[in-house]
Amino acid sequence: MNLSVNLGGIHMKNPVTVASGTFGYGQEYAGLVDLKKLGAITVKGIRLSPWAGNPLPRHVEVPGGMINAIGLQGPGVDGFIRDDLPFLQKRRVPVIVNIWGTSQEEYVEVAARLSDAPGITGIELNVSCPNVKKGGHTFGQNPRTLARLVSAVRKATTLPLLTKLAPNVPDIRVYVKAVQEAGSDAISLINTIPAMAIDIERRKPILANRSGGLSGLGIHPVAVKLVWDAAEVATVPLLAMGGIFEPEQAIEFLAAGATAVAVGTANFIDPSTPVRVIDGIANYLKRHKMRTPAEIRIPR
Ligand SMILES: Cc1cc2nc3c(=O)[nH]c(=O)nc-3n(C[C@H](O)[C@H](O)[C@H](O)COP(=O)(O)O)c2cc1C
């Protein structure tokens with residue numbers, strides 16, 4: 001049996017990473033999980049300068065998952081390189097850095113600075129952020145803006161580049177085609193789904209930001225459908241995420257056409273989930289007399 005996969009140039013010893021924003025910068029989970037067992041570590045989103053995120057409360061549990069509006073709090077690219085990267089470099093696990101910005105120029109600058117730092121394996125673009133210069137619409141919701149962003153970042157780095165797609169679009173295939181043609185080496189999906197919860201006694205939105213993004217078990221079937229549709233047109237590997245709590249959900253993504261998977265919200269409940277998912281995939285392969293995760297994929 002060979003669990004290793006190649007995610008657009010990122011060589012992972014097994015197909016399981018963690019979803020950005022649910023595993024800090026790795027160090028926070030080091031006492032709870034054997035980090036070297038992971039196929040890769042994907043860190044929380046980084047922008048050019050340090051960022052405080054949104055006011056509290058910024059997350060709430062709801063039936064089937066949670067809604068968060070953390071607002072991408074982070075130390076900025078230089079703070080990450082100085083304070084967090086040295087720890088990750090020593091772990092001998094591929095490091096995927098999730099980045100964001102409020103302009104194309106900012107993404108390009110962050111990607112360029114990360115490319116000059118040693119020990120980073122890949123860059124994942126979070127495109128579910130407002131394009132401030134262009135009226136505040138998110139980069140991920142206009143295929144032309146998105147393609148421009150991906151090709152600009154592509155020129156700024158030789159590192160493997162993943163683009164993380166937003167789920168709330170009319171046809172995911174349009175976005176898959178746009179980013180792969182623009183030079184993305186792999187595609188991550190899905191980011192959280194826009195959502196809101198209201199305190200009916202106080203008659204106020206629960207989150208200070210009013211709305212946020214839904215994640216967790218409840219979004220899993222939505223993500224499976226989007227991965228299935230994306231796989232129809234994808235010529236680059238897919239990294240699937242959305243409500244993986246047990247190995248079964250990860251295997252479902254591999255069946256739908258993903259090359260690798262990421263565990264997100266489940267890390268807050270049981271940090272051993274990614275390792276349990278790796279073992280579960282291995283057991284499944286054994287039971288079905290398969291040799292590689294790619295064999296799980298359903299033929300079309
Ligand atoms: C608290 C929290 C913070 C997140 N932060 C980021 C982030 O910084 N960048 C990003 O691309 N996605 C971020 N996400 C989205 C996750 O990476 C993932 O795409 C989503 O939660 C779906 O997976 P899950 O249902 O397994 O959590 C965040 C999700 C949560 C719950």
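Read-outs: derived from the displayed coordinates by stated rules, not from any lab. Since we're looking at a predicted model, the values are computed, not measured. Positions of Cβ are backbone-derived with ideal geometry, glycine not excepted, and every protein chain shown enters the neighbour counts.
Of the GluC sites (Glu not before Pro) found in region 115-219, the ones in coil according to DSSP and having at most 13 other Cβ atoms within 10 Å of their Cβ are Glu201.
Sorted on the mean count of surrounding Cβ atoms within 10 Å across their residues, most packed first, peptides 114-120, 15-21 read 15-21, 114-120. Counting neighbouring beta carbons within 10 Å and listing from fewest to most, the residues Phe253, Phe23, Phe268 come out as Phe268, Phe23, Phe253. Its residues counted as N, region 5-296 yields a C-alpha radius of gyration over 2.2 N^0.38 Å of 0.94.
Applied to region 26-38, the Karplus parametrisation 6.51 cos²θ - 1.76 cosθ + 1.60 on θ = phi - 60° returns per-residue 3J(HN,Hα) values of x, 4, 4, 9, 4, x, 10, 9, 7, 4, 6, 6, 6 Hz, with x for Gly and Pro.
Of all complete DSSP H helices in the chain, those with a Cα span along the helix axis of 18 Å or greater and a mean Kyte-Doolittle hydropathy of 0.0 or more are 143-156, 220-233.
In this simple spin-label approximation, Ala117 and Ile198 carry label points 7 Å from Cα along the Cα→Cβ vector, and these lie 4.2 nm apart. Here Arg144 and Glu232 are evaluated by their C-beta separation; at R0 = 30 Å the FRET efficiency comes out at 0.90. By other beta-carbon atoms within 10 Å, ranking Ile46, Ile67 with the fewest at the front produces Ile67, Ile46.
Contact order, relative form, for the chain: 21 percent (alpha carbon pairs under 8 Å, 6 or more residues apart, mean separation divided by residue count).
Of the trypsin sites (Lys or Arg not before Pro) found in region 163-223, those that fall in a DSSP loop while having at most 13 other beta-carbon atoms within 10 Å are Arg202, Arg203.
Treating r as the C-beta distance of Arg92 and Trp51 and R0 as 35 Å, the FRET efficiency rounds to 0.75. For region 226-300, the alpha-carbon radius of gyration amounts to 1.08 times the rule-of-thumb value 2.2 N^0.38 Å expected for a compact globular protein. All Cα-Cα separations within region 136-227 were binned at 10 Å from zero, giving a P(r) of 15, 39, 29, 13, 4, 0, each value a whole percent of the pairs.
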